Each structure stands twice: as C-alpha cells, then as structure tokens.
Amino acid sequence: MALLQWSRAGALLLVLGGACFGQSLDEARRIQANVLGVDSHNDTMQRVLIEKVDLGQRLADGMIDLPRLQEGGIHVPFFALWVPTYYPGAEAVRRTLQLRDAAQGVFDKYPDRIELATSARDIERIVGQKKIAAVLTIEGGHQIDDDLAVLRMYRRMGILSMTLTHFRSNHWADSSTGKAEHNGLTDFGKQVVQEMNRIGMIVDISHVSDKTFYDVLEVSTKPVIASHSSCFVYSDIPRNMKDDMFRALAKNGGVVGVNFGSSFLSQKDADELKKLISQRNAIEPNLVGAELDAFAAKEHAESGEVHAKVGNATVEDAANCIDHIAKVAGIDHVGIGSDFDGIPSVPAGLENVSKMPALTAALLKRGYTESDIRKIMGENTLRVIRAVVGY
Ligand SMILES: [Zn+2]
C-alpha cells in the first residue's frame, strides 16, 4: 500500500516535471523568437562555394540555412570565409575572393531575406525588416598574405572581423595548435591588430596560442572576441580557453562565443578533435589554382563536417559552458559561436541552428532571466561590434 502510494506520488511528480519542462520549452521558444540572436561563427559558406547548396531552401543535411536560422532565432550569423592554411600566400587571397563572391551570390539571390551588415546600426535595421543580417569574417591571418593593404581591402568589401590564425601558426602569430614560432605576436602582428582597431575590424582570438592572446590584449585598444571557443575546464583541447583568459577578456570588454562542437564541450570527445587537427596540419598538397581548389573540394567532401554525427555532448553541456563563463567572466562576456557546418560532431539536442530554443530552455532551468538570455544570445556581441565599428 505504502509502495503503491509512493509510486502514485512518483508518477504525479513525473507528470508535473514533464509539464514544467514543456512549459519551459514554450517559454524558451517565446524568448528565442524575440531575442536579437547573434552567432559569431559558422562555416556554411564552404558549402555554398563547394557544394553549391541553396541557403534559401530548408536543407535536408548540414546545420544552417535561411529557414532554420529564422526558426532558431539567430538573425545575425557570422559567415566565415575560411581558407585552409595549405593555400599559400596569394592563393589564400584568391580563395578568399571566391568565398566573398559566393556570399554575394546568396545576397543577390535573396535580397528580401538576407543582407550584408557591416555595423551595429545595419544589424538593427536589417533585423527590424525581418531579414537575416549576414556578417562576413576572415578565418586565418594567412589570408592577408602579410599585407595590410589586403586587410584594408577586405574591410572595404564588408568583412567585419578576422581570426588571427587558423590551425597553423602564420608568419606573424602563433596558433594554439601550430608550432610556437614567434612567442606570440611579432611586431608585424602587433601592427595588424593596431590597423584592425583603426579601420573598425574586430580582432578574433579564437585559434590563437595563449601567448598570442595575451599579446593581443596588451596591444588592442578595442574589445576583442573569441568567436568560437569553449571552456578548457570541460575539455582540454588547446582551442579552448582557461579561466584566467576569460577574466582577462572580461577586463578588455570582449565576448566569448561558445563553440557547440562536441569535442569542445565534452572531455569524452576531446581526442577526436586533437587527432583531426594533427591530420589537417599534415596536409601539404603543393598545388595552385584550379588543381588546388579541386583538392580542397575533395577534402571538404571527405571531411567530418559534411557527415557530422551526434557526439557525447548534449545541449546541457553547452549550457554548462555558458554558465561557467558567466560565473568566471560575468554575464556581459558570453555569447554564441556555434561553429555549425564546421564541426564533425554536434551535441544531442542541439544538432542544428533550429534547435536553439532547447539551449534557451536549459538556461531558464539554470535560473537565467530573459534579460540575461538576451545578452547571451546577441546583445553582448552586438555591443562589441558597436564599440569596434563606432556605430
Ligand atoms: Zn575555426
């Protein structure tokens, strides 16, 4: 009898618990429909250039397209014009132009649904018109071919930020996953940061070595971002940030966009990324022009990003990392940097951008208020854009 009563009470609690969760998901959907959602990193433009996917359609695969961005409440995706580090010198500049052209193709095809944004003011106007405000970024300082004129021309083409390195160190900055060649930033690297401050281009410290990160903070007069990095305390990959780095970034006024890659969020998948990075760093095709592009297309087709799987992390792990950064650095210094379409494994419950309300529900469960969530989902990164561009 006692057992029966207990089990009835248990069942009642289960039902109530389910109802609560349903309510919090409804509440999360309402909040997510009203935030100005910013995601400071995705790799979707590779798919547009190489696979010719049509972002106007709801795609059966991948993680981002225009319908799913709207559904997930991410109105301001940062599309990375990423060029693999095996593109040497001017070849990397040529590849960047191809990606910029591919992005323009999307803007020209869907002028009523997506528009290039190069300032906070642009973003507010475009999102106010219920369109996607696309921000373009460069991912890897090698893409300027050691030339500040190239950097300035990228900015004039509407590119708003640059990640200083990718997986390998370049001629002027050490990467977290490359050989330490310069003990951080060289003198020219410092000039790059100063020039980016001057021309209103956001410095992105994701991918750089810890020493490069601290060198950047010493030189930069503007807030910087880590567009797609997560918590070292939860996964010890070199791409993640330690707590002292979060505190230093807070002092600079910057923001960390939390990376959703399962390897970034869960120690169980850390080795997967470490292995992938060492494989990628060993690639040296020694080709140029169309032959090099064909090589890159083949590598893209075979990569984990195109055939992403669900990893060991869950949407709760993404919320844990956000919560950790908010506690260590403060609520004003954490944002979203999914890395969607650039990660080989995604968290369960957060498989693509349309699932963002599940993350908001996980934050509500942790006691975050609607105003906290608005900051995390976009206001923090928008603040940095305004501070760097000036308007
Ligand atoms: Zn990256």
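The values are calculated or read from the model by the stated rules, or taken from the named source; none is laboratory data. All values reported here derive from a predicted model rather than from experimental measurement. Neighbour counts are summed over all protein chains in view; Cβ atoms, including those assigned to glycine, are modelled from backbone coordinates with ideal geometry. All accessible areas refer to the heavy atoms of the entire protein, side chains included, with ligands and DNA or RNA removed. Shrake-Rupley method; radii C 1.70, N 1.55, O 1.52, S 1.80 Å.
Data for the structure
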| quantity | calculated |
| --- | --- |
| Filter result for L69 (modelled with pLDDT under 95, touching a Pro at 6+ places or on another chain (Cβ under 7 Å) and at negative phi) | no |
| Some residue of segment 241-256 being within 18 Å of L164 (Cβ to Cβ), in contact with a strand residue (DSSP E or B) (Cβ under 6 Å, 6 or more places away or on another chain) and free of Cβ contacts under 8 Å to residues at least 60 places away in the same chain | yes |
| Residues of segment 62-97 that turn out to be part of a loop (DSSP other than H, G, I, E, B) and buried (at least 19 other Cβ atoms within 10 Å of the Cβ), as a count | 12 |
| Some residue of segment 382-390 being open to solvent by less than 40 Å² (accessible area, probe 1.4 Å) and among the small types (G, A, S) | no |
| Checking A319 against (1) under 24 Å from N34 (Cα atoms); (2) open to solvent by 30 Å² or more (accessible area, probe 1.4 Å); (3) part of a helix (DSSP H, G or I), the condition it does not meet | (2) |
| Residue that is most open to solvent (accessible area, probe 1.4 Å), among those in segment 198-231 that are assigned to a loop (DSSP other than H, G, I, E, B) and either away from the ligand (no atom under 16 Å from the Cβ) or of a type in the set (V, I, T) (or both) | T221 |
| In segment 26-39, residue farthest from the chain's Cα centre (by Cα) [restricted to those that are crowded, with 19+ Cβ neighbours inside 10 Å and either of a type in the set (G, A, S) or within 16 Å of the ligand (Cβ to nearest atom) (or both)] | A28 |
| One residue from S176, S161 being polar (S, T, N, Q), within 15 Å of the ligand (Cβ to nearest atom) and within 21 Å of D145 (Cβ to Cβ) | S161 |
| Qualifying residue in segment 250-259 (condition: farther than 20 Å from P223 by Cβ and not polar (S, T, N, Q)) | no |
| Considering residues of segment 40-55 that are closer than 30 Å to V255 by Cα and in a loop (DSSP other than H, G, I, E, B) only, the residue farthest from the ligand (Cβ to nearest atom) | L55 |
| Helices (runs of 4 or more DSSP H) enclosed by segment 244-305 - at least 1 residues per element that are out of contact with any Lys or Arg (no Cβ under 9 Å at 6 or more places or on another chain), open to solvent by 30 Å² or more (accessible area, probe 1.4 Å) and more than 18 Å from I50 (Cα to Cα) | 270-281 |
